[in-house]
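The values are calculated or read from the model by the stated rules, or taken from the named source; none is laboratory data. Treat the numbers as computed from the prediction; the structure is a model and nothing was measured. With ideal geometry, Cβ positions are generated from the backbone for all residues, glycine too; neighbour counts draw on all protein chains shown. Note: areas computed on protein heavy atoms with side chains; ligands, DNA, RNA excluded. Shrake-Rupley method; radii C 1.70, N 1.55, O 1.52, S 1.80 Å.
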Amino acid sequence: MREKYKVDISQMFTDMELIKEFENNKGSKPTTLEEMVDIISSTPGCKALIEGEGGIGKTTILRHISYTWATHNKSNNVLEGKIVFLLCVRDLEKDEDIFDLIVKQLDMTDFNLDTDLPKDSRVIKKFIKKHDNKVVLLLDGLDELRFNNQSVISLFRKNSLKKSTVILTSRSENIDEFKKECNIHVRVKGFNEESIGKYINKHFKYFENPEMGKSLRRELDMYQGWQRKHEDVYSMCKNPMLLLSICILWEDNQSLPEDKTDLFKEFFRSILNQFHKQKFKDTREKFPKISKFEETPANYVNSMILLGKCMYKSLKENQLSINMKDLKDTQSTTDMIDMAVKLGFVYEEAPISKSNFERMFMPPHKLIVESLVGFYLCKLCESECIENECTEDVRRILTPLDDNEWEVIRESSYLDLARRFAIGFLGDKAYAFFNHWITNNLSTYRSLPRYLDCVKKPHKDVVINKLINHMESKDLEINNHLDDISTSIRTFIDHISPGVPCDGHFIRLIMQISCIENVADDIIHFICENRMTGEFKGKVIAHIVAIAAECDEDQIIPDLAGHIDTFNHFVTECSLKQVQLALERLDIDGNNLHNLDVNSLSSLLIMCPKLEYLYMSNCNLSGDVINHFVTECSLKQVQLALERLDISHNNFHNIDVNSMSSLLIMCPKLDFLCMSDCNLSGDVINHLGTECSLKQVQLALRRLYISDNNFHNLDVNSLSSLLIMCPKLTWLDMRDCNLSGDVINHLGTECSLKQVQLALRRLSISDNNLHNLDVNSLSSLLIMCPKLTWLDMRDCNLSGDVINHLGTECSLKQVQLALRDLVISGNNLHNLDVNSLSSLLNMCPKLKELYMINCKLSGDVINHLGTECSLRQVKLALHILAISGNNFHNLDVNSLSSFLIMCPELWRLDMSDCNLSVDAIKHIDEECSNRNIRFYS
């Protein structure tokens, strides 16, 4: 904002909230930069995520942290002794990692001269890897990552530089994985109401005009009814840079436009006036102020168009910076390029390294980019309306775009605000922009009502009439489809609002239906209409949902599921029209879909490319539906975005053995799969393991629930092959699956031989007959699962020998298990060795819950456990001990007391139905009362 408005970075401030601190994710609370840095510095290997909207101050926070470190500010020396790297994520190339990005910033010649070490980047990389506990990485702008690069997420997952501290900033989109993996999550909120007032007061006090500051605050606080007069302006005030712009604008003419595009015209004018004033600073000529934006000199406007064109190229790739190379590629004059970078809309960034000669320019806020791109699109459309009136220089900038480029402009989610700015800048000429919505692709019409609503009221009729004239002048191939859809809309409006006129053109009809509130509710009423066939209703609803209204399809489809005939025709019609729905979550649990058309599921999922969560539990689905769905998607080479799939409690006895493997391969992001109680056979899992192994496919599964199926014919190799192909699997549920001990034996042996470590944290194999479980297998399996915290093996027909060997093996190998919950109730452990349980507990220092109910244990086991813990002075972490249903008639109450003393955190002891004597119960009850332990006798 020119020299006059430079601010010391150490004086910047904004409001933040702490959303997550370690596993505490129960809401948010206000925080400060100092508190955040303290938490980070006191957490070894901390991974911190800072999110917030564009231009809100995330980059400033990172620069503030690095500035503090670099200047050795003793008031905040938490980074003292660390090596700090401030890096821009957008500088990561496709096949680079963080090491490459660090090396790019260094001058290898200087490095060689300073250290006498060779000019070899591997020296630096090895040093950083070896001393990662001293490294702090400040990574700015995850949202501007240009390629699908895994380097940043690998840091958060601690796959690389495990001990390094990482602080990452990002806008709020697409950061779910980072939220899961981070230790600290902070949101930058910008200024609150109090801070806005303070900023305005300080600004005008500095320029010795406090009364003007008071008048601005009064204007911002004005209400019209229940709404602020300047709602758009006020929402922008939370951003420091935009608030500065609003203050400057108020200084200029003490008025605030109510419309956003008019407001940005004033921003433009304000920035240009500053440049204009600077230009005349050293001359005696009077500074000719630009009093209206429309009076801006042509050379300034042309330079703004040039900036907008280059920013368009960046913004459609979600980048904010522009390259001098792109400015020169426009073949504009040197004077125009030079003026473009000096006007005040961008500032030049420091090069990534001394050897990098690319000149990069950044705007001070994302809205500057979006508004200038909108300005460029506006001028592009104007040039199409009034040909040959542009100069040669401008004509080169405003080269007409082809249909593919206009499709990007219509569809790109990054260009939403730019589209709105373009419409606002065009005014009554906005039809020239909307003309590019008139295509033979039905999907383009869906967003048309939303953007036509951005046209100002005085211009709307003119714009819509000219758009209709343009549409009628084109001989569209889809005219018959549009007539069909128009009929559906009229039928629908006539049903929900009898007597309301609805006889207009297609454009007016879709505008009319877009104004209806709660379209989803009206569709549900329409479904229940008995006078129409399911085919007709399905067709009408498909037209309403797909073309005419941006309603919530998630509310509609579950109700259609109760009307299967209508649902089948709805899906068929959408499929024929090649409609894509925006569904991200679909929950139709508990619907009776036994007569669902075999084509419907595949058609539905193919037209929902963003669908992440699908719940179809207890829907009376057959295996034929799944088989057809998989075959259809496979033939069309469709990849689904599914992350969670629940199709449990359906009868898939006739599912094809190939279907499961094909399904998982076409869902590369599938994180959660539940197929419990589906009447699956072991052949399905056998084929899945073999197929994944042959194709060397790695699945993204983290949670797999396949309990209550009959896997008696499960091949011993299949389960191990499957788990090795699921390196991220943390939760496996195979309860009541008719498994044999041989499957677990082979799994333990296979993992041991291949030295594979599984990521499992929770394993449930209860209610299986594992009587032939090899005594070595369980210990081998647990040693191969170092993160396993929850193990459920209740009612598995286990013998005490298995537990004996597990305790001995762990003791001999000095292995410590991560178990926190161990459930081995309902097994016959009468031959449990008295030493084994104490050895096992010693090897599980984090064990909090132990369930050994109905295990035919004797009092000798507990006696020895108490004595052993007392002798070794071991402290156990147990919270819950449930050992009811055992025969402890020979329990030594002193041993149990010793054991309880060794469990300072125990709060629940269940010894119900244990054949205890009255004296023993009294003694234990007294002990437990003294220690605030709930005792169940």
From Leu249, Leu320, Leu243, residue being of a type in the set (A, V, I, L, M), within 29 Å of Trp406 (Cβ to Cβ) and either at pLDDT 90 or above or surrounded by 13 or more Cβ atoms within 10 Å (Cβ to Cβ) (or both): Leu320
Collect the residues in segment 156-186 that are among the charged types (D, E, K, R) and touching a residue at least 60 places away in the same chain (Cβ under 8 Å), keeping them in residue-number order. Lys158, Lys162, Lys163, Arg171, Lys179, Glu181
Tell me yes or no: at least one residue of segment 547-561 is over 23 Å from the mean Cα position of the chain (by Cα), modelled with pLDDT of 85 or more and not in a strand (DSSP E or B). no
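For (1) over 37 Å from the mean Cα position of the chain (by Cα); (2) under 24 Å from Lys813 (Cα atoms), each residue gets a yes or a no:
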residue: Asp715; (1), (2): yes, no
residue: Met725; (1), (2): no, no
residue: Asp733; (1), (2): no, no
residue: Ser752; (1), (2): no, yes
Selection from segment 568-582 of residues open to solvent by less than 10 Å² (accessible area, probe 1.4 Å) and modelled with pLDDT of 85 or more yields Phe570, Val571, Cys574
Condition check for Phe672: open to solvent by less than 10 Å² (accessible area, probe 1.4 Å) and either of a type in the set (Asp, Glu) or closer than 23 Å to Asp589 by Cα (or both): no
Can you say whether Asp416 is within 27 Å of Asp329 (Cα to Cα) and open to solvent by 50 Å² or more (accessible area, probe 1.4 Å), as far as the supplied structure shows? no
Would a scan of segment 42-49 turn up a residue that is of a type in the set (Gly, Ala, Ser), at pLDDT 80 or above and either at negative phi or open to solvent by 60 Å² or more (accessible area, probe 1.4 Å) (or both)? yes
Unmet criterion (only one of (1) in a loop (DSSP other than H, G, I, E, B); (2) of a type outside the set (S, T, N, Q); (3) over 19 Å from Ile862 (Cβ atoms)) for His830: (3)
Just to be sure I understand, how many residues within segment 656-709 are within 24 Å of Lys610 (Cβ to Cβ), within 27 Å of the chain's Cα centre (by Cα) and among the small types (Gly, Ala, Ser)? 2
For segment 219-228, does any single residue satisfy the condition of being of a type outside the set (Phe, Trp, Tyr), open to solvent by 70 Å² or more (accessible area, probe 1.4 Å) and either outside any loop (DSSP other than H, G, I, E, B) or touching a helix residue (DSSP H, G or I) at 6+ places or on another chain (Cβ under 7 Å) (or both)? yes
If a residue has to be open to solvent by 30 Å² or more (accessible area, probe 1.4 Å) and without any contact (Cβ under 8 Å) to a residue 60 or more places away in the chain to count, how many in segment 229-240 make the cut? 5
Keeping to segment 712-729, report how many residues are part of a loop (DSSP other than H, G, I, E, B) and either free of Cβ contacts under 8 Å to residues at least 12 places away in the same chain or farther than 24 Å from Asp821 by Cβ (or both). 5
For segment 252-273, give me each residue that is buried (at least 21 other Cβ atoms within 10 Å of the Cβ), aliphatic (A, V, I, L, M) and more than 17 Å from Val346 (Cβ to Cβ). Leu263
Scan segment 772-812 residue by residue and report those that are closer than 22 Å to Asn835 by Cβ, aliphatic (A, V, I, L, M) and assigned to a loop (DSSP other than H, G, I, E, B). Leu773, Met793, Leu798
Selected residue [charged (D, E, K, R) and open to solvent by less than 20 Å² (accessible area, probe 1.4 Å)] from Glu144, Glu173, Glu181, Glu177: Glu144
In segment 632-654, what count of residues is obtained for those that are within 20 Å of Cys678 (Cα to Cα), of a type in the set (A, V, I, L, M, F, W, C) and over 29 Å from the mean Cα position of the chain (by Cα)? 1
Within segment 906-928, take every residue that is open to solvent by 90 Å² or more (accessible area, probe 1.4 Å) and under 51 Å from the mean Cα position of the chain (by Cα) and give me the one that is nearest to Lys848 (Cα to Cα). Trp907
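Determine, yes or no, whether Ala350 is among the hydrophobic types (A, V, I, L, M, F, W, C), modelled with pLDDT under 85, at negative phi and open to solvent by 50 Å² or more (accessible area, probe 1.4 Å).
Yes.
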Give me the pairs, please: first residue somewhere in segment 600-617 and at pLDDT 85 or above, second residue anywhere and open to solvent by less than 10 Å² (accessible area, probe 1.4 Å) and polar (S, T, N, Q), beta-carbon distance under 6 Å, and either six or more positions apart or on two chains. Ser617/Ser648
Quick one: which of Asn863, Asn894 is part of a helix (DSSP H, G or I) and open to solvent by less than 30 Å² (accessible area, probe 1.4 Å)? Asn863
Within segment 77-90, identify whether any single residue is assigned to a loop (DSSP other than H, G, I, E, B) and modelled with pLDDT of 85 or more, and answer yes or no. yes
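Looking at Leu106, is it closer than 22 Å to Ile65 by Cβ and at pLDDT 85 or above?
No: the conditions fail for Leu106.
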Looking at Val598, is it more than 22 Å from Arg702 (Cα to Cα) and crowded, with 21+ Cβ neighbours inside 10 Å? no
For segment 288-297, indicate whether the set of residues that are among the aliphatic types (A, V, I, L, M) and over 35 Å from the mean Cα position of the chain (by Cα) is non-empty. yes
Scan of segment 485-514 for residues that are assigned to a helix (DSSP H, G or I) and of a type in the set (Val, Ile, Thr), ordered by number: Ile485, Thr487, Ile489, Thr491, Ile493, Ile496, Ile507, Ile510, Ile513
Evaluation of Lys189 against (1) over 30 Å from Val233 (Cα atoms); (2) open to solvent by 50 Å² or more (accessible area, probe 1.4 Å) (one fails), failing number: (1)
Residue check, Leu732 of a type outside the set (Ser, Thr, Tyr) and outside any helix (DSSP H, G or I): yes
Residues in segment 845-860: is at least one part of a helix (DSSP H, G or I) and modelled with pLDDT under 95? yes
